[in-house]
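One structure below.
The values are calculated or read from the model by the stated rules, or taken from the named source; none is laboratory data. Because the structure is predicted, anything quoted here is derived from the model rather than measured. Here the Cβ positions follow ideal geometry from the backbone for every residue, glycine too, while neighbour counts run over all protein chains shown. The area values use the complete protein model at the heavy-atom level, side chains included, leaving out ligands, DNA and RNA. Shrake-Rupley method; radii C 1.70, N 1.55, O 1.52, S 1.80 Å.
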Amino acid sequence: RHLESLPTNVLFSSGTKTKRIPIGDGWWGAGEKPQSEDEKVFPFQVQTSDEEIQDLYDRIDRTRYTEPLKDTGFQYGFNSTYLKKVVSHWRHQFNWKKQIAILNKYPQFKTNIEGLDVHFIHVRPPHREGQRVLPLMLVHGWPGSVYEFYRILPLLTNSLDSLAFEVICPSIPGYGFSEAPHKQGFDTLAAARVFHKLMERLGFSDYYLQGGDWGSIITTNMAQMKPECVKGLHLNMLTNKMRGFGVLFSILIGRYLPWLVGFTREDVRRLFGSVGFMERNFYEIIRETGYLHIQGTKPDSAGYGVNDSPVGLAAYILEKFSTWTDFNNRDLEDGGLERKFTLDDLLTNIMIYWTTGSIVSSMRFYKENLKTNIDNRLDNNTGVYVPTGLAAFPNELMHVPQLWARAKFRNIYSYSYMPRGGHFAAFEEPQLLADDLLQFVKKVEKL
């Protein structure tokens, strides 16, 4: 792959001329762009104060609850009966200072890129004789944070395998400890460019990428933008344009003659299940994307409320960690939250949003990406030609068969039907995700 010699606006693959995404430039800081940027990288640690914790307690103590309807589980959103249990744990057992010590166990830094102080974790593996080390960037999504990766980091960096990773985990600007954009327009393409600049500033010329949720789109954009820098792209969430005769034909025929359209039996099971394609892939998605319509149109209106109320914030975010882990959790009074997560882990993610006041800016990211026709976005009409690994988790919001994925990802090295897990793969099933990432990289590196 000698992509370095190609023009900056063109890629050639299999004799086909294909546009790449222009890199461009931006300035998202307050005020005008200066003549030169400060490229210094400085250490960062999470901190708190007794006053900050007391303010949280005071707000929790003033919470006004609404009783749930009878036998509703999580069908109407976060069940307030269980919410009271979560809040009681938060108020009386959860130790934020202890969790901060956990957050600070990995080296963290900030550096200013395009006017924003970008936060990132940078973990180097311990030296092991004969072990090969490759750089890897992990990118989170909403409503997550870099804390989602704390269970997978040791599996990637402290492995006894012949291969280990030097891992960089940035916080998306506007999320957690990264500064929020001060101007309109910061979308996944801007984030992709900023993260490329981050890797260049750290001295990396080529590297692997892994992402889910917004992270999957940002890392895909990075591969489309500077493919010569991306050795491989690994995703645990796929998006697909559900249109065209081929897709329609596969939906109509695939359930009955999967071999004719290129579906596997597992594709059929995940796409159609027992309820049919429309129920599983249309009506269910409509039921679960109300948040997207709010955040993609008027994020500030709802955001002000959850930014002011810690309990409101917890209910709003944790409901996603319930339903997006498994749709069946909606039928449970506790939302099944503690089946995959501990309350301390879930509340640590909430505290990152709460203490940084970043929920509104994180919600605005939807507005910035959805304010124009998605079909006309350049990245939606540009192929991905770097080596790609796809991990399809069974409880992801939508299943995308390899047949459909090939329309965009033209160089798929591996496609794995994961045995369990949902949307928050690194948080839910770190070992499964780490193993799949490792086997993909070994294929690319021919190890």
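Remarks
- Only a single item in (1) in contact with a His (Cβ under 6 Å, 6 or more places away or on another chain); (2) in a strand (DSSP E or B) is not met by Leu437, and it is number (2).
- Only one entry of Leu56, Leu83 meets the criterion of being within 21 Å of Gly176 (Cβ to Cβ), buried (at least 17 other Cβ atoms within 10 Å of the Cβ) and either more than 24 Å from the chain's Cα centre (by Cα) or at pLDDT below 95 (or both), and that entry is Leu56.
- Applying the criterion of at least 1 residues that are over 29 Å from Arg151 (Cβ atoms) and of a type outside the set (Phe, Trp, Tyr) to the helices (runs of 4 or more DSSP H) found wholly in the stretch 275-350 leaves 284-287, 290-295, 299-308.
- Within the stretch 325-344, the set of residues being surrounded by 19 or more Cβ atoms within 10 Å (Cβ to Cβ) and over 22 Å from Leu69 (Cα atoms) comprises Thr325, Lys340, Phe341.
- Matching residues in the stretch 236-259 - criterion: being in a helix (DSSP H, G or I) and either among the polar types (S, T, N, Q) or touching a Ser or Thr at 6+ places or on another chain (Cβ under 9 Å) (or both): Ser250, Pro258
- Single residue of the stretch 288-318 satisfying the filter (in contact with a helix residue (DSSP H, G or I) (Cβ under 9 Å, 6 or more places away or on another chain) and closer than 17 Å to His423 by Cα) that is surrounded by the fewest Cβ atoms within 10 Å (Cβ to Cβ): Leu292
- Test: residue in the stretch 265-273 that is small (Gly, Ala, Ser) and at pLDDT below 95: yes
- Residue under evaluation Pro43, criteria (1) open to solvent by 70 Å² or more (accessible area, probe 1.4 Å); (2) at pLDDT below 95; (3) in a strand (DSSP E or B); (4) closer than 30 Å to Gly203 by Cβ, criterion not met: (2)
- Positions within the stretch 263-286 being touching a residue at least 60 places away in the same chain (Cβ under 8 Å) and either loosely packed, with under 15 Cβ neighbours inside 10 Å or more than 24 Å from Gly422 (Cα to Cα) (or both), in sequence order: Glu266, Ile285
Residue-by-condition table, conditions (1) in contact with a helix residue (DSSP H, G or I) (Cβ under 8 Å, 6 or more places away or on another chain); (2) within 30 Å of Arg377 (Cβ to Cβ); (3) among the acidic types (Asp, Glu):
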{"site": "Gly29", "(1), (2), (3)": "no, yes, no"}
{"site": "Glu37", "(1), (2), (3)": "no, yes, yes"}
{"site": "Val46", "(1), (2), (3)": "yes, no, no"}
{"site": "Arg64", "(1), (2), (3)": "no, no, no"}
{"site": "Pro68", "(1), (2), (3)": "yes, no, no"}
{"site": "Gln99", "(1), (2), (3)": "yes, no, no"}
{"site": "Gln108", "(1), (2), (3)": "no, no, no"}
{"site": "Asn112", "(1), (2), (3)": "no, yes, no"}
{"site": "Asp117", "(1), (2), (3)": "no, yes, yes"}
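- Among the residues making up the stretch 241-262, a single one is touching an Asp or Glu at 6+ places or on another chain (Cβ under 8 Å) and either surrounded by fewer than 16 Cβ atoms within 10 Å (Cβ to Cβ) or on the phi > 0 side of the Ramachandran plot (or both): Lys241.
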